[in-house]
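Read the structure below first, then the notes.
The values are calculated or read from the model by the stated rules, or taken from the named source; none is laboratory data. Predicted model, so just to flag it, every value in this text is computed and none were measured. Here the Cβ positions follow ideal geometry from the backbone for every residue, glycine too, while neighbour counts run over all protein chains shown.
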């Protein structure tokens, strides 16, 4: 059982993490201040530093929280239900296309956004972003390996194809940011789907 | 003819622009200060503000300078020499793969890096980055249109394929930043090449 003061602390922490997902995807890491995060979360600076020793520590926790939240979303998504492993992979890509809607900050990736700025200055944030992107890619490997086996593909690895899906998505998000909307990102995700269709039918 | 004082001013401006290409690709836009740029360029703050009214103005000029410098590099590259338009496109992709070496800041894209952080806060930088990425993509459209015609492809546009090449490259750069080196980026560029090979041979 939690005391009411523990509950308050947990609530402030979760508020800060949820605020971080939104503010960091909108402004990026460097431009975001602790004050921005406290204001967006509706918590005091005292509460911030009770939970996190620094903005960098909050950013690392936010990426790990992002991995958890998105991990649950993808684990519960319907693409896993298809019988054929290639159908599961293509349905994953279709699911990613469906997520491309609304404001740019709402459909783009926290890990890809933050690693772009911090890869050279924060080993801890870079490592958290790498774990988030590679960890999500790894959830596709079993289906890709089964599809490679089922369709008799040679000279291609499930790990490489899985990471390529994330490269295309991350690049699609950059084009969406440049062009101010999701349409261009949807086109690249469509090309990714077409590549996988052609690749597995090419045997 | 330039007076020696005009030459000094041009030199300081060019030094600042060259320093910006390196510093902004390493630290990102928000984390970079005017002092960082002056120190890297070896010029005074007075010289900076003689040429640029703000860090944002320098960033816009740096993206436009980046478009010029990289535009000249690609215009002079050997991939244009192939007779077959698909060979020109595939040789462009091979050329991009060859450029993936050295330090991450040396082979990644200024426009893609900056738009990631600034798309929401600086319309001027976003527009310059969009023009840089889309302008480079447009240099591929004639070859892609000729290849689409020559190979009888349907339901695909040269503009969409051209932008997709840039999405894959931008995403490959993000994976390179996450993983700390060019190898993973080369794998995604290889998948892009394979997609184009399969797509044009699928007719």
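Taking the options B:178, B:185, name whichever one is surrounded by 24 or more Cβ atoms within 10 Å (Cβ to Cβ) and either facing chain A (nearest Cβ under 7 Å) or at positive phi (or both). None of the other options fit; the residue is B:178.
Of all residues in the stretch B:149-163, those satisfying the criterion of being in contact (Cβ under 8 Å) with a residue 24 or more places away in the chain and under 19 Å from the mean Cα position of the chain (by Cα) are B:161, B:162, B:163. Flag not set for residue A:27, criterion: free of Cβ contacts under 8 Å to residues at least 40 places away in the same chain and farther than 30 Å from residue B:55 by Cα.
Apart from one condition, residue A:83 fits all of (1) within 14 Å of another protein chain (Cβ to nearest Cβ); (2) in a loop (DSSP other than H, G, I, E, B); the exception is (1). Residues in the stretch B:64-78 that are buried (at least 18 other Cβ atoms within 10 Å of the Cβ) and over 22 Å from residue B:18 (Cβ atoms): there are none. Please tell me if residue B:150 is modelled with pLDDT of 95 or more, more than 9 Å from every other protein chain (Cβ to nearest Cβ) and farther than 14 Å from residue B:88 by Cα. In short, no.
Do we have residue B:58 as surrounded by fewer than 21 Cβ atoms within 10 Å (Cβ to Cβ) and in a helix (DSSP H, G or I) here? Taking the combined requirement at face value, the residue does not satisfy it.
One residue alone among B:89, B:156 is crowded, with 23+ Cβ neighbours inside 10 Å and closer than 22 Å to residue A:168 by Cβ, and that residue is B:89.
When residue B:193 is tested against the conditions (1) surrounded by fewer than 24 Cβ atoms within 10 Å (Cβ to Cβ); (2) in contact (Cβ under 8 Å) with a residue 60 or more places away in the chain; (3) farther than 19 Å from residue A:202 by Cα; (4) more than 9 Å from chain A (Cβ to nearest Cβ), the lone failure is (3).
Is at least one residue of the stretch A:43-54 under 14 Å from the mean Cα position of the chain (by Cα) and buried (at least 19 other Cβ atoms within 10 Å of the Cβ)?
No, the conditions are met nowhere in the stretch A:43-54.
Looking at residue B:144, is it out of contact with any strand residue (DSSP E or B) (no Cβ under 8 Å at 6 or more places or on another chain) and more than 25 Å from residue B:53 (Cβ to Cβ)? Judged against the criteria, residue B:144 is a match. Out of curiosity, is residue B:199 facing chain A (nearest Cβ under 8 Å), surrounded by fewer than 24 Cβ atoms within 10 Å (Cβ to Cβ) and part of a helix (DSSP H, G or I)? In short, yes. Taking the criterion of being without any contact (Cβ under 8 Å) to a residue 12 or more places away in the chain and part of a loop (DSSP other than H, G, I, E, B), the residues of the stretch B:45-55 that qualify are B:53, B:54. Just one of the listed residues (A:163, A:144) is assigned to a helix (DSSP H, G or I) and more than 11 Å from every other protein chain (Cβ to nearest Cβ), and it is A:144.
Among the residues of the stretch B:104-126, the ones that are free of Cβ contacts under 8 Å to residues at least 60 places away in the same chain and either farther than 16 Å from residue B:173 by Cα or away from chain A (no Cβ under 13 Å) (or both) come to 5 in all. Take the conditions more than 14 Å from every other protein chain (Cβ to nearest Cβ) and either without any contact (Cβ under 8 Å) to a residue 40 or more places away in the chain or not in a helix (DSSP H, G or I) (or both) and apply them to residue A:101. Does it pass? Judged against the criteria, residue A:101 is a match.
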